[in-house]
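Encoded as structure tokens, the structure appears first; notes follow it.
The values are calculated or read from the model by the stated rules, or taken from the named source; none is laboratory data. Model, not experiment: these values are computed from the prediction. Here Cβ is always computed from backbone atoms with ideal geometry, including for glycine, and neighbour counts include all displayed protein chains. Only protein heavy atoms, including side chains, enter the accessible area calculation; ligands, DNA and RNA are left aside. Shrake-Rupley method; radii C 1.70, N 1.55, O 1.52, S 1.80 Å.
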Amino acid sequence: MSLSASLSIATSGLNATQYALSVASQNVANAGTSGYVAETANVRSRDTNGVGSGVSAGPTTLAGNEALQNAVWTQNATTSALSAQNSALSAITSLQGSTSADSGSSGTLSDQLGNVQSALVSLTSMPGNSAAQTTVVANAGNLATTIHNLASGYQTQRQNAQDAVASSVSSINTNLTTIGALSTQIMKLQVQGLSTADLENQRNTAVSDLSGQLSIKTQISANGDMMVRTSGGLVLPTHNTANQVSDAWPLQTSEATVTAANAYPGTDGSNSLPGITLGNHDVTSQMQGGTLGGNIALRDSILPKMQAQLDSFSYSLATRFQAQGMDLFAGSGGKMPPSSANRTTPNGIVGFAQDIQVNSTISANPAQLVGNAKADTTIVRNVLNNGFGATDPADQSSNGLGINGNLSISYDGSQGLVALATSLTSDQANIANSVSSNLSVAQTTQTSLGSKLSSATGVSVDNEMSNIVALQNAYTANAKVVSAVRSMFQALLDAV
């Protein structure tokens, strides 16, 4: 083997070592970068006509674990959805009062109703006492305020969810088109046989962020492109005509103001909340998991059901009192809406929880509760004996609730009023507790999977430092070979 061949081989060793050192440097620099996958320098032996001719550097690859990576992305979506719901429902439970407080002062719906009941009991023993009459009205007002606060809380959280939906769609579009732009670069480099590891890491970062917004599945084709699907199989485009990052394509939605009077999909344009479209097709139902899916569920099912439960309770409260001859509770202007379960007040009971109030005529003259100067407790006793008791299920608005008419209260609507209030609070607390419990489990699983993925594909600084020392020694050895060949060439020239 000639001196020139030796020099070529040693030079290739120096170049390969420099390449490997640059990859190790990239890994060490990104050791703390979330989602970064360790890169591997690929060096292979080369030969010319069967004779060794040094080494060559191949394209850098990632230390990937596709199955584990997909599991992490799936868990990201689950955890993000539950986190969004837990935040909203925690705000609701804080409005429902504390069952650990003393009876009568807990602030719960059933406790406030119990205060009204107690005031009515007191009124039967001293019907002519103006203070006793005023206490009934005051406690009824506190109950109405509690109902209003809950109803307002539902709509506040629905509005927050609607705003988050619009924000998530924008983020999803940015991530999808970022994935598309990076895939285009990856495909070009792959055709040229060049390394794409850095671009793949950038693409994985975009996918990781996307997985927190929406439950997705990915598939990488032979040419390096990446296909992104929802968990239900809907293909999400990543390449737009301009091949640029966009926050307005491919998914589209719009901002909206949320009230009890509108819903998705609604029954017409006047009461409909915006869906999410892809190419003019409504794909809202396929947007599951992640922050987006969690907020869609809050806006369209979880919180509307809570509103429907409170509307139903409020309507039962007012109508049961009225059935016994006491118009203590009513809607605006002292009127009650008809019992249409899927029409908004004043034409139905949707939103009645926001509208219920103490009848203004009784507020102005509490003595009306006992027939003014008659001090007659007959109606009061009827309310206590019958109004607070169970009633015929046929008289209750328990099903076909909400703008879309597809909601139900999920418990017995014929119970007594206090039991009805307790069931409402309990059902909503159970939903919140279930979400909180599931979130804890999801976070634990997410942490465990993340640790496993990091161990399998992340950067080990200790290993990289060990590799750097080995590379340093290899570089020194190759440099000595170059130096030796140079000396031999010099000796040959001096001899000539």
Helix-only [θ]222 nm of the chain, DSSP H runs n ≥ 4, -39500 (n - 2.57) each, per residue, nearest 500: -19000 deg cm²/dmol
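Within the chain, what percent of beta bridges assigned by DSSP are antiparallel, to the nearest 5?
Working: 22 of 24 bridges.
Antiparallel: roughly 90 percent of the beta bridges in the chain.
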If the limit is 27 Å between Cα atoms, which of 305/335; 188/480; 335/374 go over it? 188/480
FRET efficiency for residue 40 and residue 429 from the Cβ-Cβ distance with R0 = 51 Å, rounded to 0.05, comes out at 0.50
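Could you tell me how many cubic angstrom of Cα convex hull volume the chain has per residue?
Working: hull volume 85.5 nm³, N = 496.
Hull volume normalised by residue count: 172 Å³.
Suppose a student asked you for the relative contact order of the chain, using Cα pairs under 8 Å spaced at least 6 residues apart; what percent would you report? Please report the intermediate quantities before stating the final value.
On the way: 804 pairs, mean separation 109.3, N = 496.
Relative contact order of the chain: 22 percent.
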Over region 289-400, relative contact order from alpha-carbon pairs under 8 Å, at least 6 apart, %: 26
Can you tell me the accessible area per residue over the chain, all protein chains present, probe 1.4 angstrom, in square angstrom? 46
Over all directions, region 1-159 yields a Cα convex hull whose mean projected area in nm² is 16.7
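Could you give the size of the charge dipole of region 153-289 about its Cα centre, using +1 on the Cβ of each K and R and -1 on the Cβ of each D and E, expressed in debye and rounded to the nearest 20? Present the calculation step by step, with values, prior to reporting the outcome.
Details: 5 positive and 9 negative charges, 50 e Å.
In total the dipole reaches around 240 debye.
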Round to the nearest 10 and report in Å² the accessible area of residue 281, as given by a 1.4 Å probe over the protein chains' heavy atoms. 130
Angle between the chain longest axis and helix 303-323 axis [Cα atoms, degrees, rounded to 10]: 0
Along the positive direction of the dipole of the chain (beta-carbon charges: Lys, Arg +1; Asp, Glu -1; about the Cα centre), which of 110, 380, 19 reaches farthest? 19
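As a test of reading the structure, rank 227, 488, 187 by solvent-accessible area (1.4 Å probe, protein chains only), most first.
On the way: 227 75, 488 105, 187 45 Å².
The ranking, largest first, comes out as 488, 227, 187.
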As a test of reading the structure, rank 462, 376, 225, 311 by solvent-accessible area (1.4 Å probe, protein chains only), most first. 462, 376, 225, 311
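Taking the Cα centre of the chain as origin and charging only Cβ (+1 Lys, Arg; -1 Asp, Glu), how large is the dipole, in debye to the nearest 20? Please report the intermediate quantities before stating the final value.
Working: 17 positive and 26 negative charges, 85 e Å.
It comes to approximately 400 debye.
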Putting +1 on Lys and Arg Cβ atoms and -1 on Asp and Glu Cβ atoms, find which of 120, 216, 294 reaches farthest to the positive end of the dipole of the chain. 216
Heavy atoms of residue 60: accessible area, 1.4 Å probe, square angstrom to 10: 10
By how many degrees, 0 to 90 and rounded to 10, does the Cα axis of helix 130-191 deviate from the longest principal axis of the chain? 20
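Per residue and in cubic angstrom, what volume does the convex hull of the Cα atoms of region 109-196 have? Before the final figure, lay out each step's value.
Working: hull volume 7.7 nm³, N = 88.
For region 109-196, the hull spanned by Cα atoms encloses 88 Å³ per residue.
Hey, what did region 151-217 get for relative contact order, percent, Cα under 8 Å, at least 6 apart? Don't jump to the answer; show the numbers that get you there.
Working: 29 pairs, mean separation 25.6, N = 67.
For region 151-217, the relative contact order is 38 percent.
For region 301-391, with only Lys/Arg (+1) and Asp/Glu (-1) charged at the beta-carbon, what is the dipole magnitude about the Cα centre, in debye rounded to 20? Before the final figure, lay out each step's value.
Numbers: 6 positive and 4 negative charges, 21 e Å.
Magnitude of the dipole: close to 100 debye.
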Rounded to the nearest 10 Å², what accessible area does residue 56 show when all protein chains are kept and the probe is 1.4 Å? 30
How far is helix 197-213 tilted off the main Cα axis of the chain, in degrees rounded to 10, range 0 to 90? 10
Phi-based couplings in Hz for region 268-278 (Karplus 6.51, -1.76, 1.60; Gly and Pro marked x): 7, x, 7, 10, 9, 8, x, x, 10, 10, 9
